[in-house]
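The values are calculated or read from the model by the stated rules, or taken from the named source; none is laboratory data. Quantities reported herein were computed from a predicted structural model and do not represent experimental measurements. Positions of Cβ are generated from backbone atoms using ideal geometry, with glycine treated the same way; all protein chains shown enter the neighbour counts.
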């Protein structure tokens, strides 16, 4: 079930920003443009990362992975000799994995490419740039309200995305 909290926060920010309109239409416009675009960027980023993770989870079998911490958990130090061996093995595995990651840097970049070159991220960034240029070309750009709008949009975008995308995917 969807919570209404992020949308209430969004409404409060919109209503709370209305006094900016009384000060100046340009200040209000800068705040709103920046807030909407940063909210869209955060939401698009979280959505694309969620999709990337869900695709990777489809190709893994959780039964194959044993938790190293569970294997190493020994509160009474009954298996100290085995623990030292396990720590050595883990260090070796980490070194091997780092070496493998260095050789597969192109493969890793292309696998993560779907998240950072996602349409869900690129369109909001394009709107951010076009909005900034439009404000500047119309001599309406006010940097301080624009930056405050960007800052206000980030937590708002996270709250909305968490509510819409992340909470629903963890229930499945």
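Here are 111, 85: which of them is surrounded by 10 or more Cβ atoms within 10 Å (Cβ to Cβ), modelled with pLDDT under 85 and within 27 Å of residue 57 (Cα to Cα)? So the residue among 111, 85 that is surrounded by 10 or more Cβ atoms within 10 Å (Cβ to Cβ), modelled with pLDDT under 85 and within 27 Å of residue 57 (Cα to Cα) is 111.
Just give me the residues in segment 13-46 being closer than 24 Å to residue 121 by Cβ and more than 28 Å from the chain's Cα centre (by Cα), in sequence order. The answer is none; no residue qualifies. With respect to the conditions (1) at pLDDT 80 or above; (2) surrounded by fewer than 20 Cβ atoms within 10 Å (Cβ to Cβ), residue 34 lacks only one, and its number is (2). Annotation note: of 91, 102, the sole residue that is surrounded by 10 or more Cβ atoms within 10 Å (Cβ to Cβ) and modelled with pLDDT under 95 is 91.
Evaluate the following for residue 120: is it surrounded by 10 or more Cβ atoms within 10 Å (Cβ to Cβ) and at pLDDT 90 or above? No.
On the given criteria, is residue 71 out of contact with any strand residue (DSSP E or B) (no Cβ under 8 Å at 6 or more places or on another chain), at pLDDT 80 or above, assigned to a helix (DSSP H, G or I) and over 22 Å from residue 156 (Cα atoms)? Give the steps one after another, and end with the answer.
Details: out of contact with any strand residue (DSSP E or B) (no Cβ under 8 Å at 6 or more places or on another chain): yes; at pLDDT 80 or above: no; assigned to a helix (DSSP H, G or I): yes; over 22 Å from residue 156 (Cα atoms): yes.
Criteria not met by residue 71.
For residue 54, are the conditions met, namely being over 21 Å from residue 127 (Cβ atoms), in contact with a helix residue (DSSP H, G or I) (Cβ under 8 Å, 6 or more places away or on another chain), modelled with pLDDT of 80 or more and surrounded by 11 or more Cβ atoms within 10 Å (Cβ to Cβ)? So residue 54 fits the description; yes.
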